[in-house]
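Okay, structure first, notes after.
The values are calculated or read from the model by the stated rules, or taken from the named source; none is laboratory data. Quick caveat, the model's predicted, so the values are computed rather than measured. All Cβ positions, even for glycine, are placed from backbone atoms using ideal geometry, and neighbour counts span all protein chains on display.
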Amino acid sequence: MTYGVYELTAGRPTGVLADVWGRSLVRDVVLVAGAAGAVGLAAQISFPVPGSPVPITGQTFAVLLVGASLGATRGAAGMLLYVMAGVLGVPWFADGASGWPSATAGYLVGFVLAAALTGQLAALGGDRRPVHTIGLMAAGNALIYLVGVPWLAFSTGVGLTTAVSLGLTPYLLGDVLKMLLAAGLLPGAWALVRRHAGTGHDRY
C-alpha cells in the first residue's frame, strides 16, 4: 500500500519527511532552493565567541534538519547551493557575510557532508524516535567538526588542541540543546504523518 511516494510498512510510512505527499522534479528544485535559503536565514542568528573566528549561529541546526527532512541527495544539494552562492557573493553566511571564508570554510564543507549523512540516516528511520534522532544529530555535528576544526587549525596556523578550544568546545552546550529540540520536532512530525496515514491512507 502506498502513501504519497512511500510504502506503508506495518502502517508506518518509510523514507524522509519531504516525500510524504509525493515527489516531482519541480518540487525537488523548490526544496533544494528552500533548504539553502533556510540555512542562510538561520545563519543570521549569530553571536560572536570572544577570541574565535567561529560564531554561534543557527546554521548547524538548520543544516541537520534540512538533511533529515529532505534526504541525502537533496539535503547535500541544498547545502552545496548555499555554499556556492555564498562564495559567489550572496550575503547569507553568518552576519550577512559572503565570499570565501578562509578560517571557517571547513565548516561549510562539513555542512554538505553532514546533510548527506543525516539524510541517509533519516531515510533508514533514524529520525522516528527521540533517542535515534539524538544519535542522528550527534553524528551530523561530529562530521561538521571533523572537517571544520582541522581546517581551522590549518588556515589559522594554530595547533589542533587550540583549534578544538576555539572551534568546538564553546559550542557543545548549544549542540546538546539543538539535539534535544530536534528529538522533539522530527519524531513529532512523524507522529503526525502516522496519524494521518492511519486515518486517511485509503485515499492514496
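Structural remarks
- Single residue of region 127-160 satisfying the filter (within 14 Å of SER102 (Cα to Cα) and not aliphatic (A, V, I, L, M)) that is surrounded by the most Cβ atoms within 10 Å (Cβ to Cβ): GLY148
- Only residues that are surrounded by fewer than 24 Cβ atoms within 10 Å (Cβ to Cβ), closer than 14 Å to ASP175 by Cα and in contact with a Gly (Cβ under 7 Å, 6 or more places away or on another chain) were counted in region 55-78, giving 1.
- Residue, modelled with the lowest pLDDT, within region 1-38, restricted to residues that are surrounded by 12 or more Cβ atoms within 10 Å (Cβ to Cβ), farther than 14 Å from ARG194 by Cβ and β-branched (Val, Ile, Thr): VAL5
- Candidates LEU31, LEU64, filtered to the one that is of a type in the set (A, V, I, L, M), outside any strand (DSSP E or B), more than 12 Å from the chain's Cα centre (by Cα) and under 19 Å from ALA114 (Cα atoms): LEU31
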